[in-house]
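This report concerns only the one structure given below.
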Amino acid sequence: MLPDPETVAGYLAEAAVVVDVRSPAEFERGAVAGAVNIPLFSDDERAEIGTLYKALGRDRAVGRGRGLVEGRLAEFAAAFDPFRGREILVYCARGGMRSASVVELLAGLEHKVTQLPGGYKAYRNHLLHKFQHSLPPRLIVIHGQTGVGKTLLLQRLENRLDLEDAASHRSSVFGAINLNPRTQQNFEAELGRLLDGLDHGRPVWVEGESRKIGGVFMPDALRRQMQISDCVLVTAPLETRVERIVAEYGQTPQKALEQWEQALAQLTRVLGRERTSSMLARIAAGDLHSVAAELLVDYYDPRYAHSMKNNRYGLTVSAEDLDAAAAELEKFARNLDKSPAPGPSRGAL
């Protein structure tokens, strides 16, 4: 039986360092936010032990695991030396033998160490509970056409929830260029960490997003909360939007040409092969300006106008001057503090 989410939160709050002893592949797929990976077994070793367990039973698998670790225990234990004197929380997949054996080893070496009951599975349960029951009661959703500078503006605001940063993706066909997008599990872990850092007694700023941000999905409860939240609209001239896109994606697109090719391939049915080939040639030549302008006018803006046509905005602000826009938005948030939270009739995404 898994521990309740509050118990898991308590273990995490008391830990100075969280150590994941699962294999590197398990860690890569999803881990506790901020955890360090010190694997007890390699990916191949874990696969071998799993095969033994299924074919010959638990005892044979455990015996093989002990044999694999026995010769490198000193090296493994030394990896924890930088954390001596700090509260270490160790976890594996389900709070089983891997983390239990590591805790026993470290305790014998006089480390301050605790095992997370239920392991990563309990942590996942804790996260899902957080998304259902611990969201900020009041959000302000920032909308605006592609390139207006919503992210730049969001970074100037206090008490913000940056979903694109959590996903490590800009939430567009080109959103992964020069980034390393997170898996769904790691996105949710980072989102949970960001939620813990917010002041839930004040309005929280968040950029308007679709349900899917790159390859990951926003929690349903957060999506519903955004749909009934106050909305503001940010505007900027086309020239400014093009400049901001070029600045964000870089002046040397050749380094990411393969990513551009993959992204544009997704638009071939819409733009046509001749047009996408022309865009690729211009990108390779370093001409992002004309490509950005063409994509904004002919692809992004019409789709954005259609998807946002039913939104109602409590404020419209120009983002030509980002600092002035941020000051205006903060004033709007202060005034909202004095009014009732919105109901379901407010702006939709």
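List of remarks:
- Tabulated pairs, segment 1-17, first closer than 21 Å to residue 86 by Cβ, second basic (Lys, Arg), C-beta under 6 angstrom, 6+ apart or interchain: 16/86; 17/86
- Residue match in segment 225-237 (condition: out of contact with any strand residue (DSSP E or B) (no Cβ under 9 Å at 6 or more places or on another chain), in the same structural domain as residue 326 (by TED's automatic domain parsing), among the hydroxyl-bearing types (Ser, Thr, Tyr) and closer than 21 Å to residue 319 by Cα): no
- Positions within segment 35-48 being surrounded by fewer than 17 Cβ atoms within 10 Å (Cβ to Cβ) and assigned to a helix (DSSP H, G or I), in sequence order: 43, 44, 45, 47, 48
- Tally, over segment 172-193, of residues that are modelled with pLDDT of 95 or more and in contact with a Leu (Cβ under 8 Å, 6 or more places away or on another chain): 4
- Residue tally, condition of a type in the set (Gly, Ala, Ser), surrounded by fewer than 21 Cβ atoms within 10 Å (Cβ to Cβ) and within 17 Å of the chain's Cα centre (by Cα), over segment 23-34: 3
- Residue count for segment 152-181, restricted to those that are crowded, with 22+ Cβ neighbours inside 10 Å, touching a helix residue (DSSP H, G or I) at 6+ places or on another chain (Cβ under 8 Å) and under 24 Å from residue 35 (Cβ atoms): 3
- Within segment 182-192, considering residues that are of a type outside the set (A, V, I, L, M) and in contact with a Gly (Cβ under 7 Å, 6 or more places away or on another chain), the one surrounded by the most Cβ atoms within 10 Å (Cβ to Cβ): 186
Yes or no, residue by residue, for (1) assigned to a loop (DSSP other than H, G, I, E, B); (2) in contact (Cβ under 8 Å) with a residue 40 or more places away in the chain; (3) among the hydroxyl-bearing types (Ser, Thr, Tyr):
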{"position": "172", "(1), (2), (3)": "yes, yes, yes"}
{"position": "202", "(1), (2), (3)": "yes, yes, no"}
{"position": "231", "(1), (2), (3)": "no, yes, no"}
{"position": "241", "(1), (2), (3)": "no, yes, no"}
{"position": "270", "(1), (2), (3)": "no, no, no"}
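- Considering segment 108-141, the residues that are touching a Ser or Thr at 6+ places or on another chain (Cβ under 9 Å) and of a type in the set (A, V, I, L, M) include one that is nearest to residue 199 (Cα to Cα), namely 139.
- Unique residue being assigned to a helix (DSSP H, G or I), touching a Ser or Thr at 6+ places or on another chain (Cβ under 9 Å) and under 15 Å from residue 17 (Cα atoms) when the list is 103, 69: 103
The values are calculated or read from the model by the stated rules, or taken from the named source; none is laboratory data. The structure displayed is predicted, hence computed values, not measured ones. We place every Cβ from the backbone using ideal geometry, glycine too, and count neighbours over all the protein chains shown.
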